[in-house]
Amino acid sequence: MEKDEKLSIRKPKKGNNSRAFYRRQKEGFYDKFIQGKGIDIGCATHERSISEHVTLWDQKIGSGDATVMEGVPDNKYSYVMASHILEHIDDREAALRQWLRILKPGGHLIVCVPDRDLFENKKELPSIYNRHHKCFFLLDKSEPPDTFSFVELLETVSDEAELVYAKLCGDDWPGQDNTEDHHHRKVHPVGEFQIEAVLRKKIK
C-alpha cells in the first residue's frame, strides 16, 4: 500500500464513533487504521463520522446501495469504515466483498455492529430499538433464527482479507434499561455497546 499523509483525528460530536473515541485513541487505533483516504459507509454527517477527512456514503445524502457500492472504483481507499450498517443489510457477505473491492491492497476494513446482549433485551427480531435491523450479532456464537456469529461472517471473506481482530467493546455501557434520567428522558449513553473488527485486505 502506498504511503499516505498522516492525519490528525478529532473526536466526533455524537454517535458510535464518539463513544469509542477515547478507547480507540488509547489503543492507537487511529494511527494504525485511520490514515490516508477513507470512506465511511452508512454515515451521513461529518459530526458522526470517523474523520473529518473521510468521504461519506449514505442513502440520506444521495449515495447508492451499500451492498453494491455502484460507481466506486476498485482499490480506491486506504481504509473503509462501516459502523452499525451491516445489520441493516440482507446480503451481508456480498456487502463485505464490495467493501473489500474498493479498498486498496494492504488497507483496512473496519466493521462495527451492535452486540445483541448489550443493545437488545431480547433474542428474536424485531429489534426494540431499531425496526430496520435485519439480524442480531454476537461475537462468536450463532443462535438461529435471528442471531449470527460475527466472526463466522467475517471468515466468509478470508480468501480476500485477514482478520486483524474482532472484539466486544462494552466498557462503561450502562445497558438500555439505564439510559433514562429521573424524568424518563432518553440520555446519550457514554459507553459502547458494539463488536468491533478490523480486516486487512490481502496483497496478491
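Just one of the numbered conditions (1) under 24 Å from Thr147 (Cα atoms); (2) not in a helix (DSSP H, G or I) is not true of Lys14: (1). Out of everything in the range 75-112 that is in a helix (DSSP H, G or I) and in contact with an Asp or Glu (Cβ under 8 Å, 6 or more places away or on another chain), what residue ends up being surrounded by the most Cβ atoms within 10 Å (Cβ to Cβ)? For the range 75-112, the residue satisfying everything is Leu100. Considering only the range 151-178, state which residues are in a loop (DSSP other than H, G, I, E, B) and modelled with pLDDT of 90 or more. Answer for the range 151-178, where residues must be in a loop (DSSP other than H, G, I, E, B) and modelled with pLDDT of 90 or more: Thr156, Val157, Ser158, Asp159, Glu160, Gly170.
Residues that are surrounded by fewer than 12 Cβ atoms within 10 Å (Cβ to Cβ), within 16 Å of Gln194 (Cα to Cα) and of a type in the set (S, T, N, Q) within the range 147-169 are absent altogether.
The values are calculated or read from the model by the stated rules, or taken from the named source; none is laboratory data. Owing to the predicted nature of the structure, the values given are computational and were not obtained by experimental measurement. Methodologically, a virtual Cβ is constructed for each residue, glycine included, from the backbone with ideal geometry; neighbour enumeration extends over all protein chains shown.
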